[in-house]
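Below is one structure; the comments refer to it alone.
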Amino acid sequence: MEKNKIETGFSSDAKKEPRRIVFVTKKTSAKVVGDRGPQLMTYPHLLIREAIAFQVLVIVMVLVALFWDAPLEQLANPLITPNPAKAPWYFLGLQELLHFFPPFVAGILIPTMVVIALVVIPYFNVNIEGEPIWARKPAQNLTIVLVTVLVLLAFLAVFHAWTIFVPTALVAAPLVFSYTAKHGEKGLLHALADKPVSWWVMTWFIAVALCLTVVGTFFRGPGWSWVWPWRTHVG
């Protein structure tokens, strides 16, 4: 039988060559060349740490249950609907969106687009090396950022979605100002300029989600109107 002359791989550098072809035959096998890096055994090292963390969490929850009562209300009455009727805290962000957008947009379209984005984005080879946002073509990237932010803020202002407008503006402000950071300069502005696009997108997403949840939990009263949590109101 003629000896196999096919190479088993081209490179093990996923950043340089994210797409690799490996031919596996009876006499060869796929092999990644490179340093294996530090290793840690799952047992006992990882499992013991997880067991300790679990026990600490249980102790903390027991102490909280002993010293603070759960915020339970009276028995539910099917004949009386509370005002406002709030969803669980983890759904209050979506309920807050219903205050600004139609039900189809807030309850179906936006969550579906977020899920699709989380599934599709990893398949795009966009800045896989995590380069700073202003590393390449800074002027062009600044134009794209400004146009995107202004269009998004204008859209939110039309619908009076201020609980999304405010965190968006707060995240966009340091993003734009980080463009002015000088090369070699140290400080907060330079640290922000070193962040990639993915970091800014995730920061914006977390800021919006937190703002929607906090506002829906503490600042919404009867009729989903704005109330200050330290003032009493009749529901």
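Quick notes on this structure:
- Of note, I48 satisfies the criterion of being at pLDDT 90 or above, in a helix (DSSP H, G or I) and among the β-branched types (V, I, T).
- Selection count where residues are closer than 19 Å to L152 by Cβ and either touching a Cys at 6+ places or on another chain (Cβ under 7 Å) or surrounded by fewer than 17 Cβ atoms within 10 Å (Cβ to Cβ) (or both), scope region 210-235: 1
- Among (1) among the hydroxyl-bearing types (S, T, Y); (2) surrounded by 15 or more Cβ atoms within 10 Å (Cβ to Cβ); (3) more than 27 Å from G93 (Cβ to Cβ) - the single one T168 does not satisfy: (3)
- Of the candidates A65, A87, the single residue that is modelled with pLDDT of 90 or more and not polar (S, T, N, Q) is A65.
- Residue match in region 144-153 (condition: of a type outside the set (V, I, T), over 29 Å from G216 (Cα atoms) and surrounded by 11 or more Cβ atoms within 10 Å (Cβ to Cβ)): yes
- Region 203-217 residues that are over 12 Å from Q95 (Cα atoms), paired with ones that are surrounded by fewer than 16 Cβ atoms within 10 Å (Cβ to Cβ) and not basic (K, R) (beta carbon under 7 Å, 6 or more apart): A207/L170; C211/V166
- When residues in region 148-174 are screened for being farther than 19 Å from H190 by Cβ, of a type outside the set (S, T, N, Q), assigned to a helix (DSSP H, G or I) and within 22 Å of the chain's Cα centre (by Cα), 14 of them pass.
- If the condition is being of a type in the set (F, W, Y) and touching a residue at least 40 places away in the same chain (Cβ under 8 Å), then region 153-173 contributes only F159.
- Complete set of residues in region 115-127 that are in contact (Cβ under 8 Å) with a residue 60 or more places away in the chain and exposed (fewer than 12 other Cβ atoms within 10 Å of the Cβ): N125, V126
- Checking the stated criteria, V105 turns out to be at pLDDT below 90 and surrounded by 10 or more Cβ atoms within 10 Å (Cβ to Cβ).
- Enumeration of residues in region 106-147 that are in a helix (DSSP H, G or I) and of a type in the set (F, W, Y): Y123
- Restricting region 128-138 to residues that are of a type in the set (D, E, K, R) and in contact (Cβ under 8 Å) with a residue 12 or more places away in the chain leaves a set whose member that is surrounded by the fewest Cβ atoms within 10 Å (Cβ to Cβ) is E129.
- When N77, N141 are screened for being surrounded by 10 or more Cβ atoms within 10 Å (Cβ to Cβ), without any contact (Cβ under 8 Å) to a residue 24 or more places away in the chain and out of contact with any Gly (no Cβ under 9 Å at 6 or more places or on another chain), only N141 passes.
The values are calculated or read from the model by the stated rules, or taken from the named source; none is laboratory data. Note that this is a predicted model, so its numbers are computed, not measured. Methodologically, a virtual Cβ is constructed for each residue, glycine included, from the backbone with ideal geometry; neighbour enumeration extends over all protein chains shown.
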